[in-house]
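Before any comments, here is the structure.
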């Protein structure tokens, strides 16, 4: 079922906030239902990073949907990975795509998509979307539930 807890970096252990996304350890665990196609969703409505030019904070609402193959992402390691962006300077597009690619590489999902709904900077919100794989036939994927920008409430 799940990997031996000794091979997991964070689960069941005290953890220190990673200094950067590159240094953050992401863990995966065995999917208990690899024979079933279903969608797992992670939502991070308070994702924070820094503008690489000004150093000012940028905020996003991230929504990640994936159809697992053999692995699931371990949620504590994902939360710490997200937090590692707080002092990291990168453009909206870079953050969104890098997160999607890192998860796809780690998990080898049947399908994965990420929506990065970024709050306005200079009056313009930037929304970034990326996906990989093909959605298996018959899998229901709900709308990501983030309205077009109108105060993002």
Quick count over region 126-146, residues being within 19 Å of the chain's Cα centre (by Cα) and either free of Cβ contacts under 8 Å to residues at least 60 places away in the same chain or surrounded by fewer than 16 Cβ atoms within 10 Å (Cβ to Cβ) (or both), is 13
If you go through region 64-81 one residue at a time, do you hit one that is on the phi > 0 side of the Ramachandran plot and either at pLDDT 95 or above or surrounded by fewer than 17 Cβ atoms within 10 Å (Cβ to Cβ) (or both)?
no
More than 14 Å from the chain's Cα centre (by Cα), farther than 27 Å from residue 143 by Cα and in a loop (DSSP other than H, G, I, E, B): which single residue out of 9, 36 fits that description?
9
So residue 60 fits all but one of (1) crowded, with 16+ Cβ neighbours inside 10 Å; (2) more than 30 Å from residue 140 (Cβ to Cβ); (3) in contact with a helix residue (DSSP H, G or I) (Cβ under 8 Å, 6 or more places away or on another chain); what number is the exception?
(2)
Go through region 77-94 and give me each residue that's over 15 Å from residue 23 (Cα atoms) and not in a loop (DSSP other than H, G, I, E, B).
92, 93, 94
Assess whether residue 72 counts as being over 10 Å from the mean Cα position of the chain (by Cα), within 22 Å of residue 11 (Cα to Cα) and outside any helix (DSSP H, G or I).
yes
The conditions are (1) closer than 26 Å to residue 13 by Cβ; (2) assigned to a strand (DSSP E or B); (3) without any contact (Cβ under 8 Å) to a residue 40 or more places away in the chain, and residue 45 fails exactly one of them. Which is it?
(1)
Got at least one residue in region 107-121 being in a strand (DSSP E or B), touching a strand residue (DSSP E or B) at 6+ places or on another chain (Cβ under 9 Å) and farther than 29 Å from residue 15 by Cα?
yes
If I go through region 12-33 residue by residue, how many of them are in a loop (DSSP other than H, G, I, E, B) and without any contact (Cβ under 8 Å) to a residue 60 or more places away in the chain?
9
Inside region 102-125, can you point out the residues that are without any contact (Cβ under 8 Å) to a residue 12 or more places away in the chain and under 13 Å from the mean Cα position of the chain (by Cα)?
105
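The values are calculated or read from the model by the stated rules, or taken from the named source; none is laboratory data. Remember, it's a predicted structure, so these values are computed and weren't measured experimentally. Positions of Cβ are generated from backbone atoms using ideal geometry, with glycine treated the same way; all protein chains shown enter the neighbour counts.
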